[in-house]
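So the structure is just underneath, and the comments pick up after that.
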Amino acid sequence: MENLLVAVNAVVPFMIYMGLGFLARMIKAGDEEFFNRLNSLVFKIFFPLLLFWNFYSMDISAGFSGRMVLMLLGSILIVTVFSFLIVNRSNLERNKKGVVIQAMFRGNMALFALPLAESVCGEAGRSAASLAVAISVPVFNMLAVVILESFHGERSSLFSLIKKVLMNPLIIGSVIGLIFLLLKIRLPVFLTKPISAIAQTTTPMALMTLGGTLHFSSLKQNGKILSVSLTVRMVLIPAILTALTVLFSFSIPERFVLFILFACPIAVSSYPMAANMGGDRDLAGQYVAVSTVVSLVTIFLWILVLKTAGII
């Protein structure tokens, strides 16, 4: 019951935020154009400030596990490359391909890893999760920008692609935050207070925007894509990765954090990024919504199975 409660506490707020956005559209508190403009604001202002704040406020004093970092980066890159090779050869529309590939590797580590790891593994789990979040979030963002730009409109030259990646608001926010972190630059309170406040409202704002623009009419059309890719992402890949962590004798906290890397729902930021970079916004939104709801069951079952088997 304790593990179920952790999963419920992590997932249900997401569903409430999306529900409020959907309700706002139903009662005409905001129309499609309003939510599209709001989505642009979230992408260009809110998320860059959130990523800046994540780096600025990061604690890098926790223990560093080189083996875990290598496994984490290796698994993300392998899943990304394999997804690219398979999806790129499919008959999907070009604007769907980037969205599917992004969904395969980009999990909501920032919001799920810390509470779940601490609940299951205690303080050691929180330390391992903090390291994983610090490494994975910027990697997710950089890979997502490259993937989405690669499938945005006509094929771009390498120089054009690099320019678009470097000018992406999320990359700019991450780079500035990393500079402040590495150089230990500290801001006055009158700046950190509003930045922190905006960062805390980013995820609820993004989810309400998603709820206000979510179209269930295309859910049936995208059903096969969603069911196959989410099964691979949230069942098959965590199973393979967990088996590898057992084989290579990772500690239980490291094992659990690497498991949650792909078992958690699709990152909320994947929706505004796809919507503003030429991706299929309906499919991107459905990935976030469906994976969030499904994770309530899958994460609980996974934890139950892994605990029963003595793996975590």
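Each reported figure results from applying straightforward, stated rules to the coordinates on display, with no laboratory input. Because the structure is predicted, anything quoted here is derived from the model rather than measured. Glycine also receives a Cβ, built like all others from the backbone with ideal geometry; neighbour counts cover every protein chain displayed.
Numbers below:
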{"quantity": "Taking LYS307, LYS28 and counting other C-beta atoms within 10 Å, the order from fewest to most", "calculated": "LYS28, LYS307"}
{"quantity": "Charge dipole (debye, nearest 20) of the stretch 2-308; +1 at Cβ of Lys and Arg, -1 at Cβ of Asp and Glu", "calculated": "420"}
{"quantity": "Table column - 3J(HN,Hα) (Hz), the stretch 89-96, Karplus curve with 6.51, -1.76, 1.60, x for Gly and Pro", "calculated": "8, 7, 8, 5, 4, 4, 6, 8"}
{"quantity": "Extension gain (nm, one decimal) between VAL305 and LEU41, 0.36 nm per residue minus Cα-Cα", "calculated": "90.9 nm"}
{"quantity": "Karplus 3J(HN,Hα) series, Hz, for the stretch 195-202 with 6.51 cos²θ - 1.76 cosθ + 1.60 (x for Gly, Pro)", "calculated": "5, 4, 5, 5, 4, 5, 8, 4"}
{"quantity": "Percent RCO, i.e. relative contact order, over the stretch 97-254, from Cα pairs under 8 Å lying at least 6 residues apart", "calculated": "30"}
{"quantity": "Least to most buried among ARG67, ARG94 (fewest other Cβ within 10 Å first)", "calculated": "ARG67, ARG94"}
{"quantity": "Relative contact order [Cα under 8 Å, 6+ residues apart], the chain, whole percent", "calculated": "36"}
{"quantity": "Label point distance in nm, LEU219-VAL246, each placed 7 Å from Cα along Cα→Cβ", "calculated": "3.5"}
{"quantity": "Residue order, fewest to most beta carbons within 10 Å, for ARG106, ARG126, ARG233", "calculated": "ARG126, ARG233, ARG106"}
{"quantity": "Nearby lysines by direct alpha-carbon distance to LYS97 (threshold 19 angstrom, same-chain neighbours under 8 apart not counted)", "calculated": "LYS164, LYS220, LYS224"}
{"quantity": "Computed FRET value (nearest 0.05) for THR231 with LEU5, which takes r as the C-beta separation and R₀ as 30 Å", "calculated": "0.75"}
{"quantity": "Using alpha carbons only: equivalent-ellipsoid semi-axes of the chain, gyration tensor based, whole Å", "calculated": "27, 24, 21"}
